[in-house]
Structure formats: structure tokens, C-alpha cells
Amino acid sequence: MSALHKVLVADAIALDNLAPLRDDSRFELVAKPGLKGDDLANAMADVDAVLVRSATRITRESLAKATRLKVIGRAGVGVDTIDVAAATERMIAVLTAPGGNTISAAELTMALLLSLARKVPAADRSMRAGEWDKKSFSGIELYGKTLGLVGAGRIGSQVAKRARAFGMNIVVYDPILTRDKARELDAELASLDDVIAGADVLSVHVPLNDATRGLLGTAQFARMRPTALVLNVARGGVVDETALLTALQRKQIAGAALDVYENEPLPADHPFRSAPNVVLTPHLGASTHEAQEKVAIEIAEAVRDALLDGTIAQAVNAAAIAGRR
Ligand code: 3PG
């Protein structure tokens, strides 16, 4: 009988979906969602693995006491809330569930795009206020418009397929997308500048890292069409928030829909909340029944295999850990 592996569930992940760990007597699940600071560091001090979503920040400080920790399991895809370098120094594998929320994120992108194009949230607010105002909510058709995608990986390519079904033309900036894959998506490859300048709708689908931080800023908004709509269902920080607010106020673009923010939760008094032509959601890309079930099972299996057999080939820091051995 192997030793009991203790797994801390530090975020909102349904235990029912963690069956590969919960139903295996070699694991003990400890659910303590919402821990922060010292409480999180103390809770991680005596566990073999910790499971998180984006609400839990794993910092260098929170790892300081985690002498037993071997695995950080992200029930989702983004690792910008995890200090991967600090984990690597401690030989802690950072595993993700990269496929499970792809469809949900792509579908939310389409929901926000349609909401923005047809002013659905504003019309709904007006109806609830007792009005019947058809004039203020005239929108645009997506048919025949150009969708500029920055990034066409898992999520971006699913957005492309759905937008093609709406009759949109797709132009993509993605340095690693092959011509064959672009052809498969019925999309045209272009430079970042051309995608920005030619888009009726611009949607980013890239992770947040040093190369993508501020990818859309003042200079980029200045080159966009005044009728353009901007979507960010990827990561706060990829779109510079101050520059976006200015572009909206100056009518350099026509509107924006955002699911993600530089600081989450978005402060209650943040100017986005009163900005014109903005649709906001609170980081809901992966918040569906289906996505949460898939990512939880995916991460539970990956963490199980890592703890039992040392299988960490899919870890985001696998190569860096191997290099330190
Ligand atoms: C992700 O990175 O997987 C998505 O942004 C979802 O994040 P969440 O699990 O914190 O909702």
C-alpha cells in the first residue's frame, strides 16, 4: 500500500468532479477554497499537491513552507497566477488541464460578440427600466464583417470556426499557425498591424506573458477602425486597460467586451463599469457545467499520475525541471 497523498483543493472545484482522486483511497482530498496569504502558505505546508483556479495566486511566498509539495494542478489553462519559476526552483511540477474549457471560452466569446453587436445587455437594462426604446439599440450584422484574431490556438481556432458560420471573414495574426492550419480554418494569415487595421471585430486569444503584455495599446487603438469592436476573453493585461478606456472615450473604437482584467476581481469603482459601449463579465470563460467537469477530471487524472508514477511530461515546466536534475 503506497503512502497517502494529501491534495489541497484551494479553489472552487467541485469534489464530485475530482473522482479520479476522491474515489482512490491512496489520496486524501482537503477542500479549503478561498485561502490567501499566510493561510494559503500554511495549508500548503503539509500537502503533496494543490489544485487551483485563477482566484488563487500561487506566489513565491506562498510556496515558502511547501516542503512536501510536488505538484500544482491548475484546473484550467492559464498559469499567469502561478509563479512557475519559483515552483521550478523547488522542482514542483505545474500541471494544467488545457483542453477542457476550450469550447466554453469560444462560446463565451461569441456570446459577448453578439451582445456587443446587438447591444443586448443595454437593451435588457432599458426594458427592465420600463422603456420601449427601439432607436437607441440599432446594431450591426456580423455577416460579411472581418474578424481579426490575435492568436488562433485551441480557443482562437474554435472562435474562427463559429465566426465563419456567421459569414465573417477571418484574418489571423499567429506566428506559429501553419498555412495548412489557416487554410483549414478558412482564414487569412496577416501581420499584427494588418489584422489590427483591417478588423471590424478584434479578438485576442493569447496567454499573458512578457511577449503579450500590452499587445493592444495606445498605438494599436489609434490604427483601428472607429467602428471596430474589441474583445478580450483571454487575459487581462494583453489589452492595456488605460489605453482601451481612452480609445473608447475618444471614439477611436466603437465598443469592447471584456471577461478578464488586469486586477481581478475588478474593483467596484473601476472606470470600465461606467464606460460607454462596454459589455463586462466576471471571468466566466470556463464557467460552464461541462467545462468545469472536464477540467476537473483532466487535472485529477494528471495529478494522480504525477503523484503515483512521477508522470510530469505534460507539465508547463517539465523541460525546466528536467534541466535541473
Ligand atoms: C483558464 O485559464 O483556464 C480560464 O481563464 C478559466 O479560469 P478559471 O478556472 O479561474 O475560471
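The values are calculated or read from the model by the stated rules, or taken from the named source; none is laboratory data. Note that this is a predicted model, so its numbers are computed, not measured. Cβ atoms come from the backbone with ideal geometry, glycine included; neighbour counts cover every protein chain shown. These area figures cover heavy atoms from the full protein model, side chains too; ligands, DNA and RNA do not enter into them. Shrake-Rupley method; radii C 1.70, N 1.55, O 1.52, S 1.80 Å.
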Q) Can you pull the accessible area of E89 for me, 1.4 Å probe, Å² to the nearest 10? A) 90 Å²
Q: Using a 1.4 Å probe over the heavy atoms of the protein chains, calculate the carbon and sulfur portion of the accessible area of segment 236-325 as a whole percent.
A: 49 percent
Q: At most 13 other Cβ atoms within 10 Å and a DSSP loop assignment: could you name the trypsin sites (Lys or Arg not before Pro) in segment 38-129 that fit?
A: R60, R68
Q. Ignoring the sites themselves, what is the longest stretch of the chain with no chymotrypsin sites (Phe, Trp or Tyr not before Pro) in a DSSP loop and at most 11 other beta-carbon atoms within 10 Å?
A. 144-325
Q) How much of the accessible area of segment 1-74, probe 1.4 Å, is carbon plus sulfur, in whole percent? A) 52 percent
Q. Does the chain classify as rounded, prolate or oblate by the C-alpha gyration tensor (a ≥ b ≥ c root eigenvalues; a/c under 1.5 gives rounded; else a/b over b/c gives prolate, otherwise oblate)?
A. prolate
**Q.** Accessible area (Å², per residue) of segment 29-71, counting only protein heavy atoms and a probe of 1.4 Å
**A.** 48 Å²
Q: Compute the accessible area per residue over segment 176-222, keeping the other protein chains in place, probe 1.4 Å, unit Å².
A: 54 Å²
Q: At 1.4 Å probe size, with no ligands or nucleic acids counted, give the accessible surface of E298 in Å², nearest ten.
A: 60 Å²
Q. What residue among A129, A111, A254 shows peak mean-square fluctuation when the chain is described by a Gaussian network model with Cα springs under 10 Å?
A. A129
Q: Roll a 1.4 Å probe over the protein chains and send me the accessible area per residue for segment 82-158 in Å².
A: 48 Å²
Q | Pairs from K32/K65; K65/K294; K70/K294; K134/K251 whose Cα-Cα separation, in the structure shown, is over 19 Å | A | K65/K294; K70/K294; K134/K251
Q: Mean Kyte-Doolittle of at least -1.0 plus a Cα span of 27 Å or more along the axis: flag which DSSP H helices in the chain meet both, please.
A: 289-309
Q: On the full set of protein chains, 1.4 Å probe, figure out the accessible area of H205 and give it in Å² to the nearest 10.
A: 30 Å²
Q. Where does each of K251, K181, K32 land when they are ordered by accessible area, with a 1.4 Å probe and the largest first?
A. K251, K32, K181
Q) How much of the accessible area of segment 133-207, probe 1.4 Å, is carbon plus sulfur, in whole percent? A) 50 percent
Q: With springs connecting C-alpha atoms under 10 Å apart, model the chain as a Gaussian network and identify which of R22, R183, R223 has the largest mean-square fluctuation.
A: R183
